Amino acid sequence: MSTLFISHDDCEKHVMLDHHPESPARLRAIHAAVGQHDWQGSLTSLTAAEIDDHCFGEVHPAEYVAQLATLEPGDGIIRVDADTSLNRYSLRAARLAAGAAVQAVDAVMAGEARRAFCAVRPPGHHAESAIAMGFCLFNNIALAAERALAQGAERVAIFDFDVHHGNGTVEIFLDRPEVLVCSSFQYPFYPGRFDEVSADNIVLTPLAAGSGGDQFRLALERDWLPALERHRPDLILVSAGFDAHREDPLGGLLLEDADYGWVSELLVDAAERYCNGRLVSALEGGYHLEALARSSLAHLIALSA
């Protein structure tokens with residue numbers, strides 16, 4: 001059974017300010033790396049479909065979705081916050097990114113694939129239930145979790161290894177014990193929200209600037225593996241941010257390509273142990289194009305093994 005690679009060309013039409021690090025070139029770099037690898041039938045590419053409004057469910061209130069729709073600028077750019085803006089294609093791209101995550105969950109929960117990687121943008125893990133921020137409009141991985149629960153999963157686990165804390169995912173599931181959220185991140189660092197909460201279903205792994213692969217691996221084994229054993233999820237979801245790479249311009253952690261292969265294998269092994277291999281991953285950060293391409297490829301190779 002092959003791994004799904006879900007994307008859409010229209011995600012590249014979302015453009016923010018000139019020279020913004022969250023650019024269409026990110027997806028082009030990933031597609032180029034994936035296209036050059038010999039998958040030997042282990043990878044199936046699918047085109048993402050837009051999310052249906054009813055899928056926003058408990059994640060984003062209808063008022064928030066409607067408010068974003070009123071911001072669509074036509075020609076030009078509208079700022080949502082200091083780092084996040086919209087052009088005329090941005091909301092379609094965001095709906096495709098969210099739709100890809102839901103589509104991946106549907107396929108994996110139906111047994112049509114065991115794993116999936118959504119190469120989409122804009123990213124999602126900073127989007128809170130009613131706040132767009134940090135390049136994010138809709139919380140793609142939270143929408144995936146909600147879809148899995150609606151499809152019959154009793155427990156879902158989300159793992160986020162972006163250099164920035166997944167504040168939106170924590171805010172959305174803070175009072176939801178059926179969803180485990182584990183987040184490793186540079187600390188102190190952006191966004192500075194929901195990074196000191198205390199809840200049984202929230203596992204925070206802050207890492208000091210300058211931490212490298214050894215510290216990262218030890219911390220995840222210490223924090224994530226016991227949480228997995230306690231939670232025993234029916235599906236594993238991954239917020240796959242590659243901006244903790246030592247070459248990335250936006251972070252201060254020092255991970256290497258091999259560290260992303262390692263954490264991906266760790267999560268695949270956990271999926272095999274707890275949930276019949278079911279795992280869905282969605283792209284978050286990663287802004288050095290060559291490092292992003294290499295790290296994404298290492299991630300996808302692990303998912304397709």
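The values are calculated or read from the model by the stated rules, or taken from the named source; none is laboratory data. Remember, it's a predicted structure, so these values are computed and weren't measured experimentally. All Cβ positions, glycine included, derive from the backbone under ideal geometry; neighbour counts span all protein chains shown.
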Does at least one position in segment 100-119 carry a residue that is acidic (Asp, Glu), surrounded by 13 or more Cβ atoms within 10 Å (Cβ to Cβ), more than 20 Å from the chain's Cα centre (by Cα) and closer than 25 Å to HIS20 by Cβ? no
Please pick out the residue among LEU283, LEU255, LEU289, LEU279 that is without any contact (Cβ under 8 Å) to a residue 60 or more places away in the chain and among the aliphatic types (A, V, I, L, M). LEU255
Could you grab me the full set of residues in segment 120-134 that are among the aliphatic types (A, V, I, L, M) and over 10 Å from the mean Cα position of the chain (by Cα)? ALA127, ALA130, ILE131, ALA132, MET133
Are any residues in segment 7-26 crowded, with 22+ Cβ neighbours inside 10 Å and either at pLDDT below 95 or of a type outside the set (S, T, N, Q) (or both), and if so, which ones? HIS8, CYS11, HIS14, GLU22, ARG26
Scanning segment 27-60 for residues that are of a type in the set (A, V, I, L, M) and surrounded by fewer than 15 Cβ atoms within 10 Å (Cβ to Cβ), which turns out farthest from ALA100 (Cα to Cα)? ALA32
Sort out which residues of segment 173-192 are over 13 Å from ASP160 (Cα atoms) and touching a residue at least 40 places away in the same chain (Cβ under 8 Å), and write them in order of number. PHE189, TYR190, PRO191
Anything in segment 78-124 that is among the acidic types (Asp, Glu) and under 16 Å from SER45 (Cα atoms)? List them, or say none. ASP106, GLU112
